[in-house]
1. Quick one: Debye curve from the C-alpha atoms of the chain, no solvent, what's log10 I(q)/I(0) at q = 0.17, 0.18 Å⁻¹?
2. So for the pair residue 40, residue 98, with labels modelled 7 Å out along Cα→Cβ, what separation do we get in nm?
3. Only helical DSSP H runs with n ≥ 4 go in: add -39500 (n - 2.57) per run for the chain, normalise by residue count and round the 222 nm mean residue ellipticity to 500 deg cm²/dmol.
4. What is the order of 31, 98, fewest Cβ neighbours within 10 Å to most?
5. Taking Cα centroids, how far is the range 9-56 from the range 75-104 in Å?
6. Which of 95, 110 has the fewest other C-beta atoms within 10 Å, and how do the rest follow up to the most?
């Protein structure tokens, strides 16, 4: 798992986050992704909504990411089935959430999901070599 100093070094070398990086989003063992686009501004109770990351990722072939909803939103009834960001992925992420709680306002720039990064010891075929369906995504991509 990469720590904060390692993440910052990768970013400085032009890797992991290529656009809209914010040092304020660094955590001890990850990076808080911010909302770049959203399908609704007011999230009603019992409703599905989508966001995209403000940050554009540029993961090298030896780094994989794991996504986790920030606990402050999980405690409010927001849930998601988040997974991994494959090594070699480039673009903005689209993420789906469901609100089981009360109405919630979301805004651009809100820290919503934590990205935890891991180094792969023996990289094989990266994202673009396997499927690459969402490579270079911008905004919310529901294809």
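Read the figures in this text as sums done on the coordinates, not as results from a lab. Bear in mind that the values here come from a model prediction, so they are computed numbers and not experimental data. Reconstructed Cβ throughout: ideal geometry from the backbone, glycine too, with neighbour counts over all protein chains shown.
1. Log10 I(q)/I(0), no solvent term: -0.91, -1.01.
2. Between residue 40 and residue 98, the simple spin-label model gives 1.4 nm.
3. For the chain, the value works out to -2500 deg cm²/dmol.
4. Values: 31 27, 98 15.
Ordered by Cβ neighbours within 10 Å, fewest first: 98, 31.
5. 10 Å
6. 110, 95
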